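The values are calculated or read from the model by the stated rules, or taken from the named source; none is laboratory data. Predicted, not measured: the structure shown is a model, and the values here were computed from it. As a convention, Cβ positions derive from the backbone with ideal geometry for all residues, glycine included, and neighbour counts pool all protein chains shown. Heavy atoms of the whole protein, side chains included, go into the accessibility calculation; ligands, DNA and RNA do not. Shrake-Rupley method; radii C 1.70, N 1.55, O 1.52, S 1.80 Å.
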Amino acid sequence: ELTGSAGSSRADPGSSQEPELYSPASPGPQQEPISTYFEEKVPIPEDDMTKLFSFRKLWAFTGPGFLMSIAYLDPGNIESDLQSGARAGFKLLWVLLGATIIGLLLQRLAARLGVVTGMHLAEVCNRHYPTVPRIILWLMVELAIIGSDMQEVIGCAIALNLLSVGRIPLWAGVLITIIDTFVFLFLDKYGLRKLEAFFGFLITIMALSFGYEYVRVAPDQAEVLKGMFLPYCSGCGPTQLEQAVGIVGAVIMPHNIYLHSALVKSRDINRANKKEVKEANKYYFIESSIALFISFLINVFVVAVFAEAFYGKTNMEVSLQCNETGSAHSKLFPANNETLEVDIYKGGVVLGCFFGPAALYIWAIGILAAGQSSTMTGTYSGQFVMEGFLNLRWSRFARVLLTRSIAIFPTLLVAVFQDVQHLTGMNDFLNVLQSMQLPFALIPILTFTTLADSGVCTIGGGLLILVVCAINMYFVVVYVTALNSTVLYVFSALLSIAYLSFVCYLVWRCLIALGVSRLDFRGSVQYPPAVLMDEQPEFDS
């Protein structure tokens, strides 16, 4: 393993010579691993580094944060948003705001790791964890990526079904998603900046689509601001609490930490120069803040639309309205007085019933853009994770074929043999699956980074990650207890023992890395210094 040495000499900040990185398997120096994504690196303009801010440099660094922000806008997030609005009105907007801020802080850690070390999180894990834990960690992250991929496929299939007025069945939409993903994924062959511009175009489509719904429904702006900045939920019960937990689970996604730490490597930065590293961290943080602010606004659009139009509505009210407008989907809503429950499919239908066909089609366009962009970034995440953990170079075609096949098969079976309710119902299970994988991204990122060279900030970062993991574990427990099956309870208990044992192992190594050396009983666990602010860690063999 790579180990740090207090006596190691740090590279001259002014030189272009980078410190040598050594692999556990060989005594010789290695070149910095280059992913197939980085066939080019974006140059950074050489402005006066004494200037506090440069728009030219911000533009040069703009791109990775927006690709990262797409994970905050995938179909799973959109469904969580609309359910939050329909079930709790505007009361949980502050939870969405808090989750986005927490997400920004975690993404900052991921970006800093990539900038300072020149390696993304999967590569660092590969170098510092033993073989068996490393393989388990890789499998858990792959599971999260596949779960996210299934949600994105479901979102695209539903969007195509809505746009075609049912002429494209769900199973056909699933197959179409396979084909168009292969087409779009090779856009980076035309240049990295063009690829990033395409993702920006998809985010713009989402902003215009959901922004149209926001303007059309015209929510009460005072209620929107109250819900956003007043951390209180009057009259809320278990349903609203579960929804609040679901918001956090949907926003903070494990594979996105790995993705962002890799994307920042696409800029041409001299890591031996402390000023350049510090400047890169600054501009990446500004860019990520802007990107997540835009994604937050889009999420707010969705929550506010369903809070204003459908909070407190019953199935009977919606059914009558759909019958009056002659909607072909009126049978989706039973004629009873139970509270309306919506998903991304029903959400488009009810918008069409209350606000006209244009609202339905524009909604579907937004969902299609969300699903398509998310599935592309998900495939990039899988590529980085496989290359980093296994040091395995696969062609883009082979990588997409593998992940798509694993994600498509169960989704296709449900689409062929079940109805749309069962297909959208898979999203709850997939959110739980990704919630369970969150510690396998957050604990490693804390292990190799700190927010600053301050014990207070380190403890603060650890507590933040502990809270996020606890919230997601609560979400998992709520889901499992609702299954009402003794066999599933027993299986879940056995799975929980293995799961918690591995999480405890990661925490143990994290605490040792952060300086609690007394826990290293055999003196066998060693790490290079954690990434402090803009300092480059020291490495030797």
Can you confirm whether segment 97-107 contains a residue that is of a type outside the set (Phe, Trp, Tyr), in contact with a helix residue (DSSP H, G or I) (Cβ under 9 Å, 6 or more places away or on another chain), open to solvent by 10 Å² or more (accessible area, probe 1.4 Å) and at pLDDT below 90? yes
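Return yes when GLY166 is open to solvent by 20 Å² or more (accessible area, probe 1.4 Å), more than 21 Å from the chain's Cα centre (by Cα), small (Gly, Ala, Ser) and farther than 20 Å from ALA398 by Cβ and no when it is not.
Here the answer is yes, as GLY166 does meet what is asked.
State whether one or more residues within segment 230-237 are open to solvent by 10 Å² or more (accessible area, probe 1.4 Å) and in a helix (DSSP H, G or I).
No: segment 230-237 contains no residue that is open to solvent by 10 Å² or more (accessible area, probe 1.4 Å) and in a helix (DSSP H, G or I).
To keep it simple, each residue is scored yes or no on (1) open to solvent by less than 70 Å² (accessible area, probe 1.4 Å); (2) under 15 Å from LEU106 (Cβ atoms).
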position: LEU241; (1), (2): no, no
position: ALA250; (1), (2): yes, yes
position: HIS255; (1), (2): yes, yes
position: LEU259; (1), (2): yes, yes
position: ALA280; (1), (2): yes, no
Would it be correct to say that ILE78 is aliphatic (A, V, I, L, M), assigned to a helix (DSSP H, G or I) and surrounded by fewer than 24 Cβ atoms within 10 Å (Cβ to Cβ)? no
Could you identify the single residue in SER327, SER288 that is in contact with a Gly (Cβ under 8 Å, 6 or more places away or on another chain), free of Cβ contacts under 8 Å to residues at least 40 places away in the same chain and buried (at least 18 other Cβ atoms within 10 Å of the Cβ)? SER327
Evaluate the following for TYR499: is it under 30 Å from THR117 (Cα atoms), in a helix (DSSP H, G or I), at pLDDT 75 or above and not hydrophobic (A, V, I, L, M, F, W, C)? yes
So which of PHE66, PHE61, PHE53 ends up being at pLDDT below 90 and either of a type outside the set (A, V, I, L, M, F, W, C) or out of contact with any Leu (no Cβ under 8 Å at 6 or more places or on another chain) (or both)? PHE53
For residues in segment 367-396 being of a type outside the set (D, E, K, R) and assigned to a loop (DSSP other than H, G, I, E, B), which is modelled with the highest pLDDT? ASN391
When the residues of segment 297-325 are filtered to those that are part of a helix (DSSP H, G or I) and among the aromatic types (Phe, Trp, Tyr), which remaining residue is nearest to LEU109 (Cα to Cα)? PHE301
Give the residue that is most open to solvent (accessible area, probe 1.4 Å), with candidates limited to residues of segment 353-366 that are in a helix (DSSP H, G or I) and among the small types (Gly, Ala, Ser). ALA358
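Of the residues in segment 127-150, how many are part of a helix (DSSP H, G or I), farther than 24 Å from PHE429 by Cβ and touching a residue at least 40 places away in the same chain (Cβ under 8 Å)?
Residues in segment 127-150 being part of a helix (DSSP H, G or I), farther than 24 Å from PHE429 by Cβ and touching a residue at least 40 places away in the same chain (Cβ under 8 Å): 5 in total.
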Take segment 313-327 and flag every residue that is touching a helix residue (DSSP H, G or I) at 6+ places or on another chain (Cβ under 9 Å), of a type outside the set (Ser, Thr, Tyr) and modelled with pLDDT under 85. none
GLY388 being surrounded by 20 or more Cβ atoms within 10 Å (Cβ to Cβ), under 24 Å from the mean Cα position of the chain (by Cα) and closer than 21 Å to PRO219 by Cα: no
If you check VAL245, VAL153, VAL224, which single one turns out to be open to solvent by less than 50 Å² (accessible area, probe 1.4 Å), of a type in the set (Val, Ile, Thr), over 30 Å from PRO357 (Cβ atoms) and assigned to a helix (DSSP H, G or I)? VAL245
With (1) at pLDDT below 65; (2) within 28 Å of GLU276 (Cα to Cα) as the list, and SER524 as the residue in question, which single condition is left unmet? (2)
Scope segment 313-354; condition under 32 Å from the mean Cα position of the chain (by Cα) and among the basic types (Lys, Arg); matching residues: LYS313, LYS346
Say we look at segment 249-296 and pick out the residues that are of a type in the set (Asp, Glu) and not in a loop (DSSP other than H, G, I, E, B); which of these is modelled with the highest pLDDT? GLU287
Please determine whether any residue of segment 345-352 is within 22 Å of LEU93 (Cα to Cα) and open to solvent by 40 Å² or more (accessible area, probe 1.4 Å). no
